[in-house]
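Taking it in order: structure first as structure tokens, then the write-up.
Just so you know, all these numbers are worked out from the coordinates, no wet-lab data involved. Quick caveat, the model's predicted, so the values are computed rather than measured. FYI the Cβ positions are ideal-geometry reconstructions off the backbone, even for glycines, and counts take in every protein chain you see.
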Amino acid sequence: MHPYKRSARLNILLREEIADIIMHRVNDPRLGFITVTDVSLTDDLKIARVYISVLKPEEQESALEILSQSKAMIRSEVAKRVRMKFIPALEFRIDESIEQGFRIDKLLNEIKTHHPEPEA
């Protein structure tokens, strides 16, 4: 018995496969540097939300558009690589967690510089 749900294992597998497909099979020169940060499957395993990070923030919208146009090819390639009864539909989204992490880090640094710790 595995200590976590099947969907958690599939999230990891799909993230690796989709990242490899985007890197090697999606041949669009407009596509910049993209990282697949996470995949989140719904509980019924019908929809996979693929979270991506784009190096240049101004390229986020075009990257989402290119990936949305390539959904069918990516999904069919996933079907060849991953053995599942049903291959989930793909939804591409921008991963906001990295940006939130930077904001939290910036706020913590501001607190540290404005309120130095008392010496013991």
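For segment 1-56, filtered to residues that are among the acidic types (Asp, Glu) and over 13 Å from the mean Cα position of the chain (by Cα), the residue that is nearest to Gly101 (Cα to Cα) is Asp43. Apart from one condition, Ala72 fits all of (1) closer than 29 Å to Phe102 by Cα; (2) more than 15 Å from the chain's Cα centre (by Cα); (3) part of a helix (DSSP H, G or I); the exception is (1). For segment 1-41, which positions are out of contact with any helix residue (DSSP H, G or I) (no Cβ under 8 Å at 6 or more places or on another chain) and of a type in the set (S, T, N, Q)? Correct list: Ser7, Asn11, Asn27. Any residue in segment 5-22 that is outside any helix (DSSP H, G or I) and surrounded by 14 or more Cβ atoms within 10 Å (Cβ to Cβ)? No, every residue in segment 5-22 fails to be outside any helix (DSSP H, G or I) and surrounded by 14 or more Cβ atoms within 10 Å (Cβ to Cβ). For segment 40-58, the tally of residues that are over 17 Å from Arg93 (Cβ atoms) and either in contact (Cβ under 8 Å) with a residue 40 or more places away in the chain or not acidic (Asp, Glu) (or both) stands at 2.
Taken over segment 16-39, the criterion of being touching a residue at least 12 places away in the same chain (Cβ under 8 Å) and more than 16 Å from Lys71 (Cβ to Cβ) is satisfied by Arg30, Gly32, Phe33, Thr35, Thr37, Asp38.
Quick grid of which residues meet (1) part of a helix (DSSP H, G or I); (2) surrounded by fewer than 16 Cβ atoms within 10 Å (Cβ to Cβ); (3) of a type in the set (Lys, Arg):
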residue	(1), (2), (3)
Asp44	no, yes, no
Gln60	yes, no, no
Arg93	no, yes, yes
Leu107	yes, yes, no
